[in-house]
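Working notes for the structure below.
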Ligand code: FES
C-alpha cells in the first residue's frame, strides 16, 4: 500500500529520487567534526522561531497602548504563553549564538574559499536579514530598552547625507518611534522570516551543489565521502539533543537571562533609561559605532564591520588548504580576532567613558586591521611555509588539489 | 564483527524503535503547549458572573444582558404567558415549562439559536430567529424550523427576590 | 573556540551586574509559602493604597495557598477576577507625588538587582540632619517611609526586616507567578531530553561503527 502510494507520487513528483539525491546518496566528507553541526541547528532554530512566533502573534497586539499589556497577558493568562514567549526570546539569542559559531567555523577552516563564495555571501545576506528581524522583533514588547533601542537605531539613518531627516521620518512614520513604527515593525518582523526561509533554500541548494567543506580543506577522495543519511542525520540529531538540553536549561531555569531589567518597564518616550545597551548580539557592532566620534563615520564603520566579511574570499590570498589548521599566523590572527570581538562586546555593554572608549577605539582598529592586513599576511605566510618546507602530509594534500590548475607566480 | 552482525542488526533495530518512539512521543508532547495556547485564556475562563437587577423589568418586558460575552434573555412573563406555557409541552424537543424556570414569572435563557448561533428576535409568542426561521415559544422551546434543541437555560440563582446571578 | 569566547563573554556580563549592585543589601529572600502569604498581606495592606499590581488578579492569590474566604478578606469587596488596583486614583497620586506611583507587578524584575532593590529601598530610609526622611538607594524619593524604618530602633528593625523580606518575596512571585510551574516542567523536559540524547548518542555510535 505504502509502496503503491509512493509509486503514485513518484510518477508525479520526484520524491524518491529527491530523497536519494539529497539524503541517502548525498556524499558528505567523513571527517566533519561537530563544528559542522551548527548549520543544522540554525535551521532548527529558524523553524522554532517561526512556529513560536506565529503562536505569539495570535495573542500579541501591536498598539502602543496594548503591546506591553498583551505581552504580560501572554505571560500570565495564555495557556503556556510563558513557555512560548520564553522559547521565542531565548531562541533569538540562541539563533545568534549558533550563527556566530557557524561563521567562526567557516572563518577558521577557510570554508568561504572557492568554490563556496556564494554560500558565504548568501550566509552574509542571511545574517543581515536575521539582524533586521531581531532588531524589529525587539521593539515589539514595548519596554524601555525596546523603545530606546529602536529610537537610537532608527536615528542612525539620519546620518544619510542630504535626506537623513526625511529617511528617519519615513522609517518611523512619526516624529518619534510611535504607534506607526510599532505596527510596521510587527508587519515586517512577521515578513522577514519568510525571506530568510527563501535565502536558506538558496544557501542549501548551493551547498548541495558544491558539497560541504571539511577540516582538511581539499576535496576528499571517494572513499572518504559517506552518505549524509544515516551518518550525518544521526550525528546532527545527537548534536540537536545536546543543544536542546542547554537551550531548555535557559528557557526553564534562566529565561530572563537575555532580557534587560529595564525592558520590564513600559516604554516611556519622555524618559531614557540611565544606561541603554543593545541586545548582546549587537554589542561588538555598537562599540564600533560609538568608537567613531562622527555619526556618519560611525554608521559607515558599523555597516562595513558587517559587510567586510563578504570580502574574505578576496582578502585571504593563501593557497594553503585547511584554513587555520596548517597556517600558524592565520590561526593566531583568528584567535586575536575572536578575543577582539569579545572585547568589543564587553566595551559595548559598558556606559560610554574615558578608558572603555579608548579600549573600544583600539579594538575597532584591530578589528579592521585584521581584515586589511590579511591579503599581505596570507601571501607572506604561504611563502614562509613553502620556504620552510611543508609537512609531507600537507604537501600531498596540496599537490592533489592544485595539480590540475596552472600555477600562478607568487608575487 | 562478522559473527555479531545478526545480533548487531537486531540491537540497532531495537534501539531505533525505542528512540523513534521516545522521539515521536516527545514531539507530540511538545505540540501540546502550542495547541493549548489557542484555548480560552485564564482570564476568559474565569470571567465573572453577571448580576441582573430584576426590579426595572416590567411584566411582559425582556432584558438582554451579556454573560461571558453571550446574550442572555431575562423575560418577565405575564400570568397569561405562564398559563399558556404550562399547558404546552413544547415542539421538537419537548420539555415541561416548570423544568425550565425557577420562578414561573422569570424566564432566563441564553439568546443563541441552537441551529447555527444567530440571536433570535422577540415576538409576541416567543422568538423568531432571523437566520433560518426557527420559532421559539415563551419558554424558549423550539416549535418550528431547523433548530434542533430548545434555547439553553444558563446556570443562575436568585440572590434576592429581585436579583439573579447568572453563572 | 567560539563557544569558549561566548562563555567568557557571559561571565563578563554577570560580573558587571555584580559590581553595579554595590549599594544593594544582599539578603536571602525567604520564598516559603507562608512567607509569600504574609508578604501578600503586607503588600495588599501597605503598598496597595498607592501602588497598583495591575497584572495580578485577586483570584491569582488562591495559588499562594490562601482559602477563597481569605482572598475575599484581602480583596476588600472586589470580585476575585478584579485586578489589584491602587485604592488611590491615579490623578490623586500624580497630584500628591508628582507622578503616578509605579505599578509593582513587575517591580522585582524591572530594576537592576531585582528583589534586592525593593528590599534595599524599603529598608533604606533615614532621617537627615534637618529631620527630613530620605532614602540611601533613591535620594529625594517622594515615597514616604511606609514601614517606619527611619524612626525604628534595633528591635523594631528586626521585625521590619522580616516584613520587607516577605513583601519582596511576594513581589518576586507577582512578577513571575508561573515560575514554579515553569521549573517543574523544566525538570521533566530536561530529564526527557537527557534520555533522548543518550539514545541518539547510542544510535550515532552504532551507525558510525559500520564504517569501521
Ligand atoms: S441560526 Fe437560527 S435558524 Fe439557523
Out of (1) under 30 Å from residue C:81 (Cα atoms); (2) in contact (Cβ under 8 Å) with a residue 40 or more places away in the chain; (3) surrounded by 13 or more Cβ atoms within 10 Å (Cβ to Cβ), the odd one out for residue B:157 is which?
(3)
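Per-residue answers, yes or no, for (1) touching a strand residue (DSSP E or B) at 6+ places or on another chain (Cβ under 7 Å); (2) within 13 Å of chain A (Cβ to nearest Cβ); (3) more than 30 Å from residue A:80 (Cβ to Cβ):
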position: C:119; (1), (2), (3): no, no, yes
position: C:127; (1), (2), (3): yes, no, yes
position: C:131; (1), (2), (3): no, no, yes
position: C:146; (1), (2), (3): no, no, yes
position: C:154; (1), (2), (3): no, no, yes
position: C:157; (1), (2), (3): no, no, yes
position: C:162; (1), (2), (3): no, no, yes
position: C:165; (1), (2), (3): no, no, yes
position: C:170; (1), (2), (3): no, no, no
More than 13 Å from the ligand (Cβ to nearest atom), part of a loop (DSSP other than H, G, I, E, B) and in contact with a helix residue (DSSP H, G or I) (Cβ under 6 Å, 6 or more places away or on another chain): does that describe residue B:57?
no
Mind telling me which of the residues A:112, A:60 ends up being assigned to a loop (DSSP other than H, G, I, E, B) and under 15 Å from the mean Cα position of the chain (by Cα)?
A:112
Could you say whether any residue in segment C:62-83 is closer than 20 Å to residue A:264 by Cβ, in a loop (DSSP other than H, G, I, E, B) and in contact with a helix residue (DSSP H, G or I) (Cβ under 7 Å, 6 or more places away or on another chain)?
no
In segment A:332-379, which residues are in a loop (DSSP other than H, G, I, E, B) and under 24 Å from the mean Cα position of the chain (by Cα)?
A:350
Taking only segment B:81-91 into account, find how many residues are surrounded by fewer than 20 Cβ atoms within 10 Å (Cβ to Cβ), under 19 Å from residue B:128 (Cβ atoms) and more than 16 Å from the ligand (Cβ to nearest atom).
3
Of all residues making up segment A:250-286, the number that are facing chain C (nearest Cβ under 9 Å), touching a helix residue (DSSP H, G or I) at 6+ places or on another chain (Cβ under 7 Å) and surrounded by fewer than 17 Cβ atoms within 10 Å (Cβ to Cβ)
2
So, in segment A:208-217, exactly how many residues are buried (at least 18 other Cβ atoms within 10 Å of the Cβ) and out of contact with any strand residue (DSSP E or B) (no Cβ under 9 Å at 6 or more places or on another chain)?
1
Considering residues of segment B:114-128 that are more than 10 Å from the ligand (Cβ to nearest atom) and surrounded by 13 or more Cβ atoms within 10 Å (Cβ to Cβ) only, the residue farthest from the other protein chains (Cβ to nearest Cβ)
B:125
For segment C:194-212, check the following and say yes or no: at least one residue is touching a helix residue (DSSP H, G or I) at 6+ places or on another chain (Cβ under 9 Å), part of a loop (DSSP other than H, G, I, E, B), within 14 Å of another protein chain (Cβ to nearest Cβ) and over 26 Å from residue A:266 (Cα atoms).
yes
Among the residues of segment A:11-28, are any under 25 Å from residue A:244 (Cα atoms) and outside any helix (DSSP H, G or I)?
yes
Residues of segment A:341-355 satisfying the condition of being surrounded by fewer than 17 Cβ atoms within 10 Å (Cβ to Cβ) and free of Cβ contacts under 8 Å to residues at least 40 places away in the same chain:
A:353, A:354, A:355
Take segment A:68-91 and flag every residue that is over 26 Å from the mean Cα position of the chain (by Cα), at the interface with chain B (Cβ under 9 Å from one of its Cβ atoms) and either assigned to a helix (DSSP H, G or I) or without any contact (Cβ under 8 Å) to a residue 12 or more places away in the chain (or both).
A:73, A:74, A:76, A:77, A:79, A:80, A:81
Please indicate, with yes or no, whether at least one residue in segment B:71-80 is in a loop (DSSP other than H, G, I, E, B), surrounded by fewer than 20 Cβ atoms within 10 Å (Cβ to Cβ) and either within 16 Å of the ligand (Cβ to nearest atom) or within 14 Å of chain C (Cβ to nearest Cβ) (or both).
no
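Conditions (1) at pLDDT below 90; (2) within 15 Å of the ligand (Cβ to nearest atom); (3) within 24 Å of residue B:54 (Cα to Cα); (4) touching a helix residue (DSSP H, G or I) at 6+ places or on another chain (Cβ under 9 Å), marked per residue:
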{"position": "B:93", "(1), (2), (3), (4)": "no, yes, no, no"}
{"position": "B:100", "(1), (2), (3), (4)": "no, no, yes, yes"}
{"position": "B:105", "(1), (2), (3), (4)": "no, no, yes, yes"}
{"position": "B:112", "(1), (2), (3), (4)": "no, yes, yes, no"}
{"position": "B:130", "(1), (2), (3), (4)": "no, yes, no, no"}
{"position": "B:141", "(1), (2), (3), (4)": "no, yes, yes, yes"}
{"position": "B:156", "(1), (2), (3), (4)": "no, no, yes, no"}
{"position": "B:164", "(1), (2), (3), (4)": "no, no, yes, no"}
Subset of segment A:218-235 that is at the interface with chain C (Cβ under 9 Å from one of its Cβ atoms) and in a helix (DSSP H, G or I) - its residue that is surrounded by the most Cβ atoms within 10 Å (Cβ to Cβ):
A:235
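The values are calculated or read from the model by the stated rules, or taken from the named source; none is laboratory data. Given the structure is predicted, the values throughout are model-derived calculations rather than measurements. Positions of Cβ are backbone-derived with ideal geometry, glycine not excepted, and every protein chain shown enters the neighbour counts.
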